[in-house]
Amino acid sequence: MALLNQNLSELMKKKNNLINKTALISGATSGIGRATALELASKGYNLVINGRRLKMLENLRNEIVGKYNTVVYISCFDVSDHAAAACGFEEINSKIDVLDVLINNAGLALGLNSIDEGNIEDWFTMIDTNIKGVLLLTKHALPLLKKSKCPQIINIGSIAGKETYPNGNVYCATKHAVDSLSKAMRIDFLKHDIRVTNLAPGAVETEFSIVRFKGDTDRAKNVYKGFTPLKPEDIAHIIGFIIGLPPHVNINDILVMPSQQATASIINKIE
Ligand code: NDP
Ligand code: 8X3
């Protein structure tokens, strides 16, 4: 784990941000998480950015600090690793006093096979990252969120959490779990006034398919060929909208699709 050697609370005071709010974004090294970090920084949020690739986190921090008057704290750990997450939050707790927004974004799909042909290690990685990771981060972040005047959690679900498509089995199950956990959090955290949103996108062109197909970039590119997929910035923009709403308004659930996509597997592709 690598950490920025600075006290975020002190830095925030020095920076005198107008908004003075902090968001933690998991999986900020690429795609939706990265775009969301830039969107929130542009709105004046101070950030805790997480992911496993330290260099990418450092690059993002440098980009944000160069552009915006905001503080970025790097918290590099694997969200599926219980000990690493506990250790990461020990450090986060020593640096920040309050967390206003938690964005549970880190996640992945590995493979696209029927269950009988599936890879067991891939299943475990998806379950550990997409389900256990969301639970771990949420539990660890809760004490800091409770100190916020207007705390919010946004869980990145998926169309895969709304329907099951051929060969999507375990990934779809993990995103159905995120959908269910979002509902559970809304009930459990009502007493803490924490707003919870399940944000479920259709196809977004990111590193997602490159990861799913284990570096096969041609196969990954083909997923987005013949139609206009969502961009990570589209999702970031929606997150910006959700967190900009007044405290008495909560978006429980959003399903957002590319205009040419009707269901997970029905896409009007113009070849
Ligand atoms: P990317 O692959 O571009 O980004 C995934 C991010 O998750 C990376 O920053 C990666 O960082 C991080 N991540 C993965 N595993 C871990 C881990 N164990 N610990 C910490 N960070 C991790 O894909 P997207 O931006 O598309 O994915 C973001 C979320 O959106 C995921 O939850 C995905 O399931 C969901 N989603 C994506 C859709 C799409 O079509 N792209 C549609 C619907 C939902 P690093 O590798 O550095 O750890
Ligand atoms: C990512 C979108 O349709 O590949 O969650 O599952 S999909």
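The values are calculated or read from the model by the stated rules, or taken from the named source; none is laboratory data. Not measured: the values here are computed from a predicted model. Ideal geometry is used to build each Cβ from the backbone, glycine not excepted, and the neighbour counts take in all protein chains shown. Ligands, DNA and RNA are stripped out before the accessible areas are found, and what is left, the full protein with its side chains, is counted by its heavy atoms. Shrake-Rupley method; radii C 1.70, N 1.55, O 1.52, S 1.80 Å.
Here are some notes:
- If you check Ile187, Ile235, Ile159 for being open to solvent by 10 Å² or more (accessible area, probe 1.4 Å), aliphatic (A, V, I, L, M) and within 14 Å of ligand 2 (Cβ to nearest atom), only one passes: Ile159.
- Region 76-130: number of residues that are near ligand 1 (Cβ under 9 Å from one of its atoms), among the charged types (D, E, K, R) and in contact with a Cys (Cβ under 8 Å, 6 or more places away or on another chain): 0
- Pairs, first open to solvent by 80 Å² or more (accessible area, probe 1.4 Å) in region 243-270, second basic (Lys, Arg), C-beta under 7 Å, six or more apart: Leu255/Lys162
- Residue match in region 3-12 (condition: among the acidic types (Asp, Glu), open to solvent by 10 Å² or more (accessible area, probe 1.4 Å) and modelled with pLDDT of 95 or more): no
- Being within 16 Å of ligand 2 (Cβ to nearest atom), farther than 30 Å from Ile96 by Cβ and outside any helix (DSSP H, G or I) holds for only one residue in Tyr165, Tyr171, and it is Tyr165.
- Residue, surrounded by the fewest Cβ atoms within 10 Å (Cβ to Cβ), within region 50-65, restricted to residues that are within 8 Å of ligand 1 (Cβ to nearest atom) and part of a helix (DSSP H, G or I): Met56
- Region 174-219 - residue that is assigned to a loop (DSSP other than H, G, I, E, B) and under 30 Å from Lys147 (Cα atoms) and, of those, farthest from ligand 1 (Cβ to nearest atom): Asp193
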